[in-house]
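A short write-up of the structure that comes next.
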Amino acid sequence: MTASQVAGTFFKYASIPLAAAVGLYAILLGLLTTSTFQSHVVYLHAIQMTWFKDLNVPETFGFLRNQVTPFSIKTTDGERLYAWHILPLELYRQNEASLIEEPSGFVSDIKSRVGLQLLRDDPEARLVIHMHGAGGTVASGYRVPNYRALSAGSPEKIHVLTFDYRGFGKSTGSPSETGLMMDALDVIDWAMHVAGIPPSRILIFAQSMGTAVSVAVSKHLAIQDPPVVFAGTVLVAPFVDVATLVSTYRYIRANEFNEEKYRLTIIHAEDDYDIPWHHSQLLFWHAVNASTSTGICYDDLEQKKLGSMVDLGAAGSMMEWRTNNGVIREEILKTGLHDVIMGYPVITMAVMRNFDAADPSFMS
Ligand SMILES: *[C@@H]1O[C@H](CO)[C@@H](O)[C@H](O)[C@H]1NC(C)=O
């Protein structure tokens, strides 16, 4: 993100009147030259956006008593990541009495909790691992409605695991590129080995800056022996830089080479002023290109889009690219801004589509 985009994001969240904003913007630009401030601008981790509320009381963000279990996940290098395990609604209803009885607040031994047992002991349970964007915490802005949208399609089965990267919210440490990637890997490791969910029942959801983290991690896991490939990856409003494009290329190539089934969905709104939707077009092209043995140039793909893109009118458009192994899907909405989109039904649909394709018995 450029400084003005970052400042734009900042001011939007903070809702500061224009005159003050102009003054602050000048101060921000001045601060940009100092290196400690630079890391604060890239990650915006010091901006919490959950004023006067305690993350350990998720009820104040609109959840039912103990629907959310706040806990922490230890990283391999000793940081503690603050995390929320969010129960889907129908599952909550079925277990309401025992959930209400438990004490609320931060949990140091999550294995003792009903919520985790419901996730771990149900062979039908699905888990969405959420990697949020720059700034804020697990509870900021449109992230809470986003969690609802993620599990809305199957409220008996779809759990959400969301966490704050190092240096964000209540997590220890300070952010760095490798640090954030390590965080995501350790959270995935927790999901697979403590919660006991195999990757075929895990979906990775990422938004904005989180998409860079998720692509880097997905590539890392896809080239392991044996490879780790999830039920699907859904990227909303991705921010695309060279490193992300290279990781995307390697991720797709590795899965094609290993003949692993992979599903990548890219969703962006045309009215996203923080990260323009052209980032998604670029990412989609690189992903499609990587899925072919000879490559495809941008203009050729645009030509193909004219033939196979589905025009959804006011809802936008959709284009799907299928190979023998994978599905790469691009959904461009007309509206949805940068983060309001996360609570939209397209998000619910993307989750359902991926879990259904990974295992058709999911919907039965
Ligand atoms: C497109 O794919 C081809 C074949 O894998 C590769 O040689 C080329 O570098 C790719 N181009 C881009 C822009 O990624």
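Tabulated results
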{"quantity": "By average C-beta atoms within 10 angstrom, highest first, the peptides 331-340, 129-138", "calculated": "129-138, 331-340"}
{"quantity": "Ellipticity estimate at 222 nm from DSSP helix runs (n ≥ 4, -39,500 (n - 2.57)) divided over the chain, nearest 500", "calculated": "-12500 deg cm²/dmol"}
{"quantity": "Euclidean distance of C-alpha centroids, the range 334-364 and the range 66-100, integer Å", "calculated": "22"}
{"quantity": "Rg/Rh ratio calculated on Cα atoms of the chain (Kirkwood radius)", "calculated": "0.96"}
{"quantity": "FRET efficiency, 1/(1 + (r/R0)^6) with R0 30 Å, evaluated for Ile223 and Ser317 via beta carbons", "calculated": "0.40"}
{"quantity": "Under the span-like rule (Cα at least 18 Å along the axis, Kyte-Doolittle mean at least 0.0), DSSP H helices of the chain", "calculated": "18-31, 177-193, 209-222, 345-358"}
{"quantity": "Unit charges on C-beta of K, R, D, E only; dipole of the range 220-343, Debye", "calculated": "360"}
{"quantity": "Positive-end residue of Ser280, Ala243, Leu99, charge dipole of the chain with Cβ unit charges", "calculated": "Leu99"}
{"quantity": "Principal axis box of the range 183-262, alpha-carbon based, largest edge first, Å", "calculated": "33, 27, 17"}
{"quantity": "Kirkwood Rh (inverse of mean 1/r, distinct Cα pairs), the range 209-255, angstrom", "calculated": "10.7"}
{"quantity": "Estimated translational D of the range 91-179 in µm²/s (Stokes, Kirkwood radius over Cα pairs; 20 °C; 1.002 mPa s)", "calculated": "144"}
{"quantity": "Nearest-0.05 FRET efficiency for Ala357 and Gln94, computed from C-beta distance (R0 35 Å)", "calculated": "0.85"}
{"quantity": "Distance between modelled label sites at Val340 and Ser308, nm, 7 Å Cα→Cβ extension", "calculated": "3.3"}
{"quantity": "Pairs of Cα atoms farther than 27 Å apart, the range 33-190, %", "calculated": "22"}
{"quantity": "Once the Cα gyration tensor of the range 231-309 is diagonalised, semi-axes √(5λ) in Å", "calculated": "20, 16, 12"}
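None of the figures in this text is laboratory data; all of them are computed from the coordinates on show. No experiment lies behind these values; they were computed from the predicted model shown. FYI the Cβ positions are ideal-geometry reconstructions off the backbone, even for glycines, and counts take in every protein chain you see.
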